[in-house]
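Worksheet: one structure, shown below.
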Amino acid sequence: MSGEYELIVGLEVHVQLATQSKLFCACSTRFGAPPNTQTCPVCIGMPGVLPVMNRRAFELALRTAVALDARIAPLTKWDRKQYYYPDLPKGYQISQYDLPFSTLGHLEINDPKGRFAPKRVGMIRVHLEEDAGKSLHDEAAGTADSRIDLNRAGTPLLEIVTQPDMRSSAEAKAFLTELKLLLMYLAVSDCNLQEGSLRVDANVNLHIDSPEGSIATPIVEVKNMNSFRAVERALDHEATRQYEAWRETGQKLGDVPKQTRGWDDAANLTRPQRQKEESSDYRYFPEPDLVPVRVSAETVAGIRAALGELPRALRGRLETTHGLSTYDSDVLVSQGRALVEYYVAVAEACGDAKLTSNWVQQDVLRTLNESSLDIAAFPISPRHLAELLVKVRQSEISTSRARDIFAAMLRSGRTADDVMRELCIEQLDESVLVELCRELIAANPRIVADVKEGKTKAAAAFVGQAKKKNANVNPARVLEICLELIAQL
């Protein structure tokens, strides 16, 4: 966003659906197989073959569209999108054109960092299509050979086309992050960008304020972005490039065609690829070998009822019921439904939502990341972690001692009480703490004088001395007692 122009962004997101077989044949969709080993006459386009729709793929697509609050068409059909490319063996792609299975819909986005206000990004359409194959270019060896792998040809893709509602690269990244999270909650895709399970193209142009009024630059489609960070960088670059191009052309934009450009991540710039195609260039016509699909209102209602609590609703519950901040709820929800359920169980059992949030975000998540464990296999149950946090909340043990106990619980799977007995950790009686603090004050007149002069930070030295005398002391309580006793002198 600049004071001289407004960035306009619409996204086209292709999501590979989590099916075992392709959209119109029984070939496997498993990633990483040797080239051209997961093909059959149907997906390589041999003459006379007939496609058969994968029902599971259609069900996953419906689930996504319903979660996006899209309008589900009672009747949808298939179309042939015709273009020639080496990795498209049939010479056409089976897709959907004028009667997609869903239209409209929206996704709410916000930014815990406050870079933009919460907004609703609208959808133009969500439809199904088959993927093309993959071109492999051997440029590193200097021979510039190209090979074709058709393992991916026919894989079911869900194409999500947004309205041009985003006004910054940060909004585009937030949309993609939220969409990926939703898809993971729905279990419709693994969304692995490195394997191509989620791919993004961006349509970008500028609305520029000029003495002649608002001027719109020609739309550029940006491709080859393989991470959400790359999307952000590509959009920022493209905005600057289009603005500079407009200034250099003297505001003459009428003869500039729409363009497709590829993102070069290493060079941090976009490069021209070709003139952007219009829908008429693909010569769509109805697919003659596939019958239309009917979707009943009862089917849609059943899917909606089975969706469960989705990310936006989960954040709302954590913020209203448990009093978490937007940031804390976003961190927890972004880790998945299972972790949220673990957090809720601990928070309700220990009675302190914020303390639980801190421990789950810091200690539990760190352990999961370091060990590559799933929360379902986490060795400390919600009840046992809650028992430990109750002791922290009631000042029976310090946070540092609690972390020692937590580490031992991880290793042994035992309860906090069992570990405390083994490590000889016990809560000190209040009278013992007070007597210890009196001894420290009597032995440190210089610190007492500093505290009386207003240098309260000097009292921190009492904590270190107290821990040397008894490792079970609560540092926070020692500090409180010492300051109270000094105030009485």
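The values are calculated or read from the model by the stated rules, or taken from the named source; none is laboratory data. In this text, all values refer to a predicted model and were calculated from it rather than measured experimentally. Here Cβ is always computed from backbone atoms with ideal geometry, including for glycine, and neighbour counts include all displayed protein chains.
The listed residues are 61, 33, 117, and the only one of them that is modelled with pLDDT under 95 and within 30 Å of residue 165 (Cβ to Cβ) turns out to be 117. The residues of the stretch 64-92 that are within 23 Å of residue 190 (Cβ to Cβ) and at pLDDT 95 or above, listed by number, are 64, 65, 66, 67, 68, 70.
Filtered by the rule that a residue be part of a loop (DSSP other than H, G, I, E, B) and either under 24 Å from the mean Cα position of the chain (by Cα) or not assigned by TED's automatic domain parsing to the domain that holds residue 387 (or both), the stretch 330-354 gives 335, 336.
Every test in (1) over 20 Å from residue 341 (Cβ atoms); (2) within 32 Å of the chain's Cα centre (by Cα); (3) not in a helix (DSSP H, G or I) is passed by residue 395 save one, and that test is (2). For the stretch 54-61, indicate whether the set of residues that are surrounded by fewer than 20 Cβ atoms within 10 Å (Cβ to Cβ), closer than 19 Å to residue 88 by Cα and either in contact (Cβ under 8 Å) with a residue 40 or more places away in the chain or among the hydroxyl-bearing types (Ser, Thr, Tyr) (or both) is non-empty. So far as the stretch 54-61 goes, no, none of its residues is surrounded by fewer than 20 Cβ atoms within 10 Å (Cβ to Cβ), closer than 19 Å to residue 88 by Cα and either in contact (Cβ under 8 Å) with a residue 40 or more places away in the chain or among the hydroxyl-bearing types (Ser, Thr, Tyr) (or both).
All told, residue 182 meets the bar of being in the same structural domain as residue 42 (by TED's automatic domain parsing), surrounded by fewer than 19 Cβ atoms within 10 Å (Cβ to Cβ), aliphatic (A, V, I, L, M) and closer than 30 Å to residue 23 by Cβ. Would you be able to say whether some residue in the stretch 309-322 is farther than 30 Å from residue 245 by Cα, of a type in the set (Asp, Glu) and out of contact with any Gly (no Cβ under 7 Å at 6 or more places or on another chain)? Looking through the stretch 309-322, at least one residue is farther than 30 Å from residue 245 by Cα, of a type in the set (Asp, Glu) and out of contact with any Gly (no Cβ under 7 Å at 6 or more places or on another chain). Among the residues of the stretch 409-429, is any within 20 Å of residue 485 (Cα to Cα), among the hydroxyl-bearing types (Ser, Thr, Tyr) and surrounded by fewer than 17 Cβ atoms within 10 Å (Cβ to Cβ)? No, there is no match, as no residue in the stretch 409-429 is within 20 Å of residue 485 (Cα to Cα), among the hydroxyl-bearing types (Ser, Thr, Tyr) and surrounded by fewer than 17 Cβ atoms within 10 Å (Cβ to Cβ). Does residue 402 satisfy the criteria of being exposed (fewer than 14 other Cβ atoms within 10 Å of the Cβ), among the aliphatic types (A, V, I, L, M) and under 43 Å from the mean Cα position of the chain (by Cα)? Here the answer is no, as residue 402 does not meet what is asked. Selection of first residues in the stretch 72-89 that are closer than 12 Å to residue 130 by Cα and assigned by TED's automatic domain parsing to the domain that holds residue 158 and of second residues that are in a strand (DSSP E or B) and not small (Gly, Ala, Ser), restricted to Cβ pairs under 6 Å at least 6 apart or on distinct chains, gives the following pairs, ordered by first then second residue: 78/94; 79/286; 80/92; 80/285; 81/93. Checked against the criteria, residue 176 counts as of a type outside the set (Asp, Glu) and modelled with pLDDT of 95 or more. In the stretch 194-215, the residue that is farthest from residue 273 (Cα to Cα) out of those that are surrounded by 13 or more Cβ atoms within 10 Å (Cβ to Cβ) and small (Gly, Ala, Ser) is 197. When you scan the stretch 321-331, do you find a residue that is touching a helix residue (DSSP H, G or I) at 6+ places or on another chain (Cβ under 6 Å) and hydroxyl-bearing (Ser, Thr, Tyr), even just one? Within the stretch 321-331, one or more residues are touching a helix residue (DSSP H, G or I) at 6+ places or on another chain (Cβ under 6 Å) and hydroxyl-bearing (Ser, Thr, Tyr). The set of residues in the stretch 5-31 being in contact (Cβ under 8 Å) with a residue 40 or more places away in the chain and either on the phi > 0 side of the Ramachandran plot or surrounded by fewer than 19 Cβ atoms within 10 Å (Cβ to Cβ) (or both) consists of 6, 8, 12, 14, 18, 31. Is the stretch 180-202 home to any residue that is over 29 Å from residue 130 (Cα atoms) and touching a strand residue (DSSP E or B) at 6+ places or on another chain (Cβ under 8 Å)? So far as the stretch 180-202 goes, no, none of its residues is over 29 Å from residue 130 (Cα atoms) and touching a strand residue (DSSP E or B) at 6+ places or on another chain (Cβ under 8 Å). State whether the residues of the stretch 308-329 include one that is in contact with a Pro (Cβ under 6 Å, 6 or more places away or on another chain), assigned to a helix (DSSP H, G or I) and exposed (fewer than 14 other Cβ atoms within 10 Å of the Cβ). Yes, the stretch 308-329 contains at least one residue that is in contact with a Pro (Cβ under 6 Å, 6 or more places away or on another chain), assigned to a helix (DSSP H, G or I) and exposed (fewer than 14 other Cβ atoms within 10 Å of the Cβ). The set of residues from the stretch 398-415 being under 17 Å from residue 473 (Cα atoms) and assigned to a helix (DSSP H, G or I) comprises 399, 400, 401, 402, 403, 404, 405. Filtering the stretch 411-419 for residues that are hydrophobic (A, V, I, L, M, F, W, C), in contact (Cβ under 8 Å) with a residue 60 or more places away in the chain and under 30 Å from residue 344 (Cβ atoms) leaves an empty set.
Out of the residues in the stretch 129-138 that are more than 22 Å from residue 183 (Cα to Cα) and not in a loop (DSSP other than H, G, I, E, B), state the one that is modelled with the highest pLDDT. Selected residue: 134.
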